[in-house]
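Working notes, beginning with the structure itself.
The numbers here are math on the coordinates, done by the rules we state, and not lab data. Note that this is a predicted model, so its numbers are computed, not measured. Neighbour counts are summed over all protein chains in view; Cβ atoms, including those assigned to glycine, are modelled from backbone coordinates with ideal geometry.
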Protein chains: 2
Amino acid sequence: MRQTKVFLNESEIPRQWYNIMADMPTPMSPPLHPGTGKPLAAEDMAAIFPMNLIEQEMSPDRWIDIPEEVLEKYMLWRPSPLYRAYNLEKILDAPVKIYYKHEGVSPAGSHKPNTAVAQAYYNKEFGIKKISTETGAGQWGSALSMACNMFGLECRVFMVRVSYDQKPYRRLMMQTWGGTCFPSPSEETETGRKVLAEHPDSPGSLGIAISEAIEDAVGNGDARYSLGSVLNHVLLHQTIIGLEAQKQLEKVGDYPDVVIGCAGGGSNFAGLALPFARDKIHGKDISIIAAEPSSCPTLTMAPFGYDFGDLAMSTPLLAMYSLGHDFVPAPIHAGGLRYHGMAPIISHLVKENIIEPRAYHQLETFEAGVQWARSEAFIPAPETNHAIASVIQEANRAKEEGKEKVILFNWSGHGLVDLASYDAYLTGKLFDYPLPLEEIERAKKVLGQYPKP
Amino acid sequence: MRQTKVFLNESEIPRQWYNIMADMPTPMSPPLHPGTGKPLAAEDMAAIFPMNLIEQEMSPDRWIDIPEEVLEKYMLWRPSPLYRAYNLEKILDAPVKIYYKHEGVSPAGSHKPNTAVAQAYYNKEFGIKKISTETGAGQWGSALSMACNMFGLECRVFMVRVSYDQKPYRRLMMQTWGGTCFPSPSEETETGRKVLAEHPDSPGSLGIAISEAIEDAVGNGDARYSLGSVLNHVLLHQTIIGLEAQKQLEKVGDYPDVVIGCAGGGSNFAGLALPFARDKIHGKDISIIAAEPSSCPTLTMAPFGYDFGDLAMSTPLLAMYSLGHDFVPAPIHAGGLRYHGMAPIISHLVKENIIEPRAYHQLETFEAGVQWARSEAFIPAPETNHAIASVIQEANRAKEEGKEKVILFNWSGHGLVDLASYDAYLTGKLFDYPLPLEEIERAKKVLGQYPKP
């Protein structure tokens, strides 16, 4: 009988994360201190992150050991299975093999725990007792709540109020794992109180929530802030996905021609793609595709330059593709892809033509997601549907060209708590949101205010 | 490093289901035709089920081959992992090893697809084009919708209206997989129209929904009805769980002293327990515990006798423990355990002292579930929490007695679409519902109307 899943034994799990900084074809532009305009020093971040994570953020080492305590927690769901999508292959009738890493098997249902567990561990090791963070739809907040609970840390999550009210399920996951979730703007911080004084009914925004989380952590000696994407150390922790996939594909004697992931801040995409990007840098002939939403087309349409990572301008200046830190993405259901910027590592690799970006409209992503659910059974998250749309596109191209291809993609999470979006799709209440071209001019002006990379 | 999960390779999956009818210590009382009071013949069920499933329902064969097409679908999530619950063990500080089968890894999130896939396959093989069923909270309806989609069958689910309105997520799963879900009472059947004429605002009931589903299927040549628990062939299909567990435990050199599952209609419990019950019948010294809700204590308090499987009295008379077919269980959140009767096979094995029943109150089950989520991370379904409460009780007993024990239980499904019940628990809005003793007298009167087993 054909083999549907490739497992690794627990003893075969990779023992190190992969840091692509050691293999970058050209130097990256460093993060800048927004006050001085000078490259950021480790001390500049000491109030926000624990020093052991700052060291990882700036590390040039190719391989970084995964601590035993982190591996032990990973074993609750890792190594994640590598699947072959036979049923979709049959429907597409294209000369392709489709493999996917099933990251939906984690307790939180997505790839986010890969870094949440690591970050909670390093904070605990550094003596931190409390972590604050923000969350939009709740994928990150729920993963961090779970991870903090594992290491006995307090977790305080500032969740954009409109999501807090409309999407209670991930908030309830946080609470079940013992995290505290505040609707943001909240009464917990000066920022929150100020917004509420002016707009008592404010629906909140990710920008406000980030400001609240940072304020909540900074200046509180045993507290730190945590971010679920964008930064180097976050992408580093996710590389366990691609490293496992390489071992699994080796077991079945395959290597991908095309590697695909959806990209918002960049972490799940990077997790699968970076170990393969290394191979490409060293000469492998493969396509690595980042699938993003057409309504928030950071990599396909936005300018490259220095910009802030958040609306509140509380981060360093990061060299990246950005629609401008005050860009407000359209209300697509793939909340995890509604981000104005992109991880500097991913941005750099796109600029260097190692990674190829593609954009997909909301309706075609849900069409792909329903086709997936009705062939491969697992219901994907709306973010994941972008990767699936790209897989289907690549398969159809291979058919047109008559070329055999091995496609590998990251099935970043399940959509069981996002089912309202499928309901909206199936009842004709979803729409596409092409980006008005004026937004690009606007983004160029925003980035024009800061130093050139 | 310690091993958290025991996997089987796909090539190691059991190729046959186990039928305990071949090992029963004493003969079971057969189902009776309600009209004639005589043992049911295969033809009596021909309008309701396809003949190949009726043959399985009545088969005396110990082993029944799993068709290749079913195995192929099983491979989407099977063999399911066997986990060791190290973190809970540490917290309980008892001399026990705790193993669990993680059935939440299926696309529908529970054990239900094990029989849904098999039933859809056999219906298709028999030439059926359309399956009707009823569902309460939606676990069964969603699993059958998924399975029907796999084999190109139409699926029509009658969902109790109050659940249809209050618990939209599993209805949305059904629709995403292409099933049609009607709030019951519906306009689709004479039964439904009659109820609606008298009570336009009827919240519905499982009894009405069963009647609607049967009416919808019967008399329609290429349609049949499907049931997700209670019957012999349903329990048979679930034995894949216990058969896998036996192979997995063998790999780590263990055998359970205690086997535990939650029991409503009996299917997930049977799935894990029956292969071990076989060993017990043949002399093994083990405890096999069925954990049920105190508010619906079929096995621990109800009389044994012939009763109908449904409120509408449309099933044969089944020999079982029953609170009376018109019993209305308290509104506990473990919807899958709110059933007045119990699978005849399980009932018989309880009568024969092979299986030991225990009852648990709602609050202690959620306390157990939250303790689980905060130690083993995966959030369990409210039904599963009954098994966990029993595991904790057994571990504490082992500690008191100073006896080393290996405990194995069935983690029947995750609670990600049941999180509202955790919210109610964490905010003090859940209650216990001890059964009033009058209900037992009432049940005895109901069963007294029918033949004695």
Shape descriptor, region B:130-233: equivalent ellipsoid semi-axes (Cα gyration tensor, sqrt 5λ, whole Å, largest first) stand at 20, 16, 12
For region A:272-277, in residue order, the Karplus 3J(HN,Hα) values (coefficients 6.51, -1.76, 1.60; θ = phi - 60°; whole Hz; Gly and Pro = x) are 7, 7, 4, x, 7, 4
At the level of C-alpha centres, the distance separating region A:1-58 and region B:246-311, in angstrom, is 49 Å
Sorting B:308, B:348, B:283 by the position of each Cα along the dipole of region B:280-351 (Lys, Arg +1; Asp, Glu -1; all at Cβ), the one nearest the positive end of that ordering is B:283
Among region A:85-102, those whose backbone N falls under 20 Å of a label point 7 Å along Cα→Cβ from residue A:404 are A:85-100
Going residue by residue through region A:300-307, the Karplus relation 6.51 cos²θ - 1.76 cosθ + 1.60 with θ = phi - 60° gives ³J(HN,Hα) values, rounded to whole Hz and with x marking Gly or Pro, of 8, 10, 7, x, 9, x, 7, 7
For region A:314-392, one quarter of the surface area of the C-alpha convex hull, expressed in nm², comes to 6.3 nm²
Of every Cα-Cα pair in region B:18-106, the percentage lying beyond 17 Å is 71 percent
Counting only residues 5 or more apart in sequence or on a different chain, those whose built amide H sits under 5 Å from that of residue A:181 are A:157
Note on chain B: contact order normalised by length, alpha-carbon pairs under 8 Å, 6 or more apart, percent, works out to 18 percent
Computed for region B:337-453: size of charge dipole around the Cα centre, +1 on C-beta of each Lys and Arg, -1 on C-beta of each Asp and Glu, debye to nearest 20, value 360 debye
Given unit charges at Cβ for Lys, Arg (+) and Asp, Glu (-), the dipole magnitude of region B:239-306 about its Cα centre in debye, nearest 20, is 140 debye
The FRET efficiency for residue A:165 and residue B:431, from their Cβ-Cβ distance with R0 = 30 Å and rounded to 0.05, is 0.70
Taking every residue of A:1-7, the Cβ atoms of other protein chains inside 10 Å of its Cβ average out to 6
At 10 °C in a medium of viscosity 1.306 mPa s, region A:233-380 has a Stokes-Einstein diffusion coefficient, with Rh taken as the Kirkwood radius over alpha carbon pairs, in µm² per second, of 98 µm²/s
Longest principal axis of chain A (C-alpha) makes with the long axis of helix A:240-251 (C-alpha) an angle, in degrees to the nearest 10, of 10 degrees
Output field shielding_mean for B:165-174 (other chain Cβ, 10 Å radius) holds 3
Note, region A:133-148: 3J(HN,Hα) by Karplus (6.51, -1.76, 1.60, θ = phi - 60°), whole Hz, Gly/Pro = x, goes 8, 10, 8, x, 6, x, 4, 6, x, 5, 5, 5, 4, 4, 5, 4
Computed over region A:281-332, the relative contact order (Cα-Cα under 8 Å, seq sep at least six) in percent reads 32 percent
Residue A:440 and residue A:353 label points (each 7 Å along its Cα→Cβ direction) are spaced in nm at 2.0 nm
Taking Cα atoms only, helix A:362-376 is inclined relative to the longest principal axis of chain A by an angle, in degrees rounded to 10, of 50 degrees
Helix B:113-125: inclination vs chain B longest Cα principal axis, degrees, rounded to 10, gives 40 degrees
For A:249-261, A:271-283, ranked highest to lowest by mean beta-carbon neighbours within 10 Å, the order is A:271-283, A:249-261
Shielding of B:28-35 by other chains, given as the mean Cβ count within 10 Å, works out to 0
The FRET efficiency for residue A:367 and residue A:201, from their Cβ-Cβ distance with R0 = 45 Å and rounded to 0.05, is 0.80
Sorted by chain and then number, the residues having a modelled amide H within less than 5 Å of the amide H of residue B:360, at least 5 places away or on another chain, are B:292, B:294
Expected sort for A:26-38, B:78-90, A:330-342, B:131-143 on mean C-beta neighbours within 10 Å, highest first, is B:131-143, A:330-342, B:78-90, A:26-38
With the convex hull built on the alpha-carbon atoms of chain B, volume per residue in Å³ sits at 138 Å³
Here FRET efficiency (C-beta to C-beta, residue B:282 to residue B:129, R₀ 51 Å, nearest 0.05) is 0.75
Spelling it out for residue A:260: with amide H atoms placed in the peptide plane at 1.01 Å from N, the residues 5 or more places away or on another chain with amide H under 5 Å from its amide H are A:289, A:408, A:409, A:410
